[in-house]
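To keep things clear, I will list the structure first and then write my remarks on it.
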């Protein structure tokens, strides 16, 4: 939610009302106040994509100079003809610096006691006065993930970070970084940078112009999701549990429906920073919110229909997930209608 607040803040600073974009993904003013609230990857893609178009700024208000729609596509096109990943990444960083000299990116060899790593560093040369707090965090995380996402796509293989060092204090939502970078993370460092094994830089580019054209039509998933061979696994698990509710009670049944072994299912979810229990909770919460918002059924009936053994355990679980009791949530929906959203604990 910190990143959502950053986008909303930037929109207001630029004289734009972000309400329609927020409403499109089912967010209310109350949701923005949730310090550790989460939105789904799909919501992040839709919100950032809509605001990029409405603001005509793919940098979402980070810099004094806008990055008009298509800027990152231009950077990708300038990099795709490189003979290997290392040169492609250096081109991307150099061209990004031609467009913006306030916050730049640099890639350099970094000798460590553990081996040869290359550091992708964020250089804050002359950041604008508004680029502080949550917006500074959002900017730096996004710049790194943009480059990691494109690089992984260029070589058609996940480009794993070996370590992430971040030049801002540990945020209250620091647990989200297990998903953002899936590597050891240190906060409060002198400079923001991620380390990657230098061996990856020699890998050849596996994409061409035709593939680039297709990717640019739906590029945001590359930065919202960590690149992996099966980036859709979480969506497939979620949809299967929704369409086959009985599969939520048995991992083996769920794995069979997905044509996977139970062990492989757990392993692949872990690689994506997820667990089956978290996804079960997320699907159950979606169901509960729908029941609470779409009817006036007694809370006890909603609890039973959602698979809870009693009303007390239902209320306790719902408050843990949302910070509200079912009655409070229902009241907020009535006062300000909103679409259901997925929140993981």
Give region 43-66 a look and list any residue that's outside any loop (DSSP other than H, G, I, E, B), touching a residue at least 60 places away in the same chain (Cβ under 8 Å) and surrounded by fewer than 17 Cβ atoms within 10 Å (Cβ to Cβ), or say none.
-> none
Considering residues of region 67-87 that are crowded, with 16+ Cβ neighbours inside 10 Å and over 21 Å from residue 210 (Cβ atoms) only, the residue farthest from the chain's Cα centre (by Cα) = 86
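Do the conditions hold for residue 253, that is, is it over 25 Å from residue 39 (Cβ atoms) and not in a helix (DSSP H, G or I)? Reasoning before the result, please.
Values: over 25 Å from residue 39 (Cβ atoms): yes; not in a helix (DSSP H, G or I): no.
Considered against the rule, which asks whether it is over 25 Å from residue 39 (Cβ atoms) and not in a helix (DSSP H, G or I), residue 253 comes out as no.
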Given the structure, is residue 195 closer than 17 Å to residue 118 by Cβ, surrounded by 16 or more Cβ atoms within 10 Å (Cβ to Cβ) and at pLDDT 90 or above?
-> yes
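In this structure, does residue 282 turn out to be assigned to a helix (DSSP H, G or I) and farther than 23 Å from residue 24 by Cα?
The answer is no for residue 282.
Could you tell me which residue of region 194-220 is farthest from residue 82 (Cα to Cα), considering only residues that are in a helix (DSSP H, G or I) and free of Cβ contacts under 8 Å to residues at least 24 places away in the same chain?
Just the residues of region 194-220 that are in a helix (DSSP H, G or I), to begin with: 198-202, 209-216.
This time we only want the ones that are free of Cβ contacts under 8 Å to residues at least 24 places away in the same chain, so: 210-211, 213-214.
Numbers: 210: 16, 211: 15, 213: 17, 214: 19 Å.
Looking at the filtered set, the residue picked out is 214.
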Does residue 88 count as in contact with a helix residue (DSSP H, G or I) (Cβ under 8 Å, 6 or more places away or on another chain), at pLDDT 95 or above and within 30 Å of residue 155 (Cα to Cα)?
-> yes
Restricting region 97-138 to residues that are surrounded by 15 or more Cβ atoms within 10 Å (Cβ to Cβ), without any contact (Cβ under 8 Å) to a residue 24 or more places away in the chain and under 22 Å from the mean Cα position of the chain (by Cα), which is nearest to residue 160 (Cα to Cα)?
-> 104
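The values are calculated or read from the model by the stated rules, or taken from the named source; none is laboratory data. Just so we're clear, the structure is a prediction, and the values are computed from it rather than from any experiment. Reconstructed Cβ throughout: ideal geometry from the backbone, glycine too, with neighbour counts over all protein chains shown.
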